[in-house]
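Notes to accompany the following structure.
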Amino acid sequence: MNNSKDLPEKIYREYEPKIRQYVRSHVGNETDAEDVLANIFLKVCEKADSYDKEKSALSTWVYAITHNAVVDYYRRRRPTDEIPEEFVSGELSKLDEICREETLEELADALESLDERLRDIIVLRYYNGFPLKEVAAVMEMSYANVKILHKKALNQMRGRMADYV
């Protein structure tokens, strides 16, 4: 990342309340929760240079560090206690829900940023499930033009979503 020095501050400003809530809900003791939170932001600072936005969204990277810190807490602090089931099973955890909600919000914002014609193509293609040939017929456009505009819309949405990381 170009500005890895600014990354920890950005993460703290944007994610601290959600991370704090997540840690508090999984670590019963307030003092321990504060220690885990401090460890999370220490890891973020230490690993800021290794973050690669091509591999994952910033929120995914931050929440992975958060999840791992809570698991480490259970391993170190409570060696006789079992790690809660949500950390070892494939079930959707609260962390996964937070990541999904953020991604859906970003996706909705990216879709809203498109002009009406591009937005219609994306809605017809992905929401209604129409193949591009049917999208072309519905919009009374050539198939070639719809393919070009479809690609343009996806690129604009990718660019918009990259603004979030």
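Points 7 angstrom from Cα along the Cβ direction at THR103 and ARG76: gap in nanometres?
Modelled inter-label distance: 2.9 nm.
Distance cut-off 20 Å, Cα to Cα: go down the list LYS55/LYS152; LYS5/LYS43; LYS18/LYS43 and report the pairs above it. Intermediate results must be reported in sequence, preceding the final value.
Details: LYS55/LYS152 22 Å; LYS5/LYS43 13 Å; LYS18/LYS43 17 Å.
Checking Cα-Cα distances, LYS55/LYS152 exceed 20 Å.
Cα to Cα, under 19 Å, and not fewer than 8 places away if on the same chain: which lysines meet these conditions relative to LYS151?
List returned: LYS133.
Sorted by average packing, counted as other Cβ atoms within 10 angstrom per residue and highest first, what order do 18-28, 62-72, 109-119 take?
62-72, 18-28, 109-119
Using a simple spin-label model with points 7 Å from Cα along the Cα→Cβ vector, what separation in nm is obtained for ARG20 and LEU42?
About 2.0 nm, to one decimal.
Between ALA137 and TYR12, what is the spin-label point distance in nm, taking each point 7 Å from the Cα along the Cα→C-beta axis?
Simple spin-label model gives 5.8 nm for this pair.
Coordinate-derived values only; no laboratory data. Treat the numbers as computed from the prediction; the structure is a model and nothing was measured. Cβ: placed from backbone, ideal geometry, glycine included. Neighbour counts: every protein chain shown.
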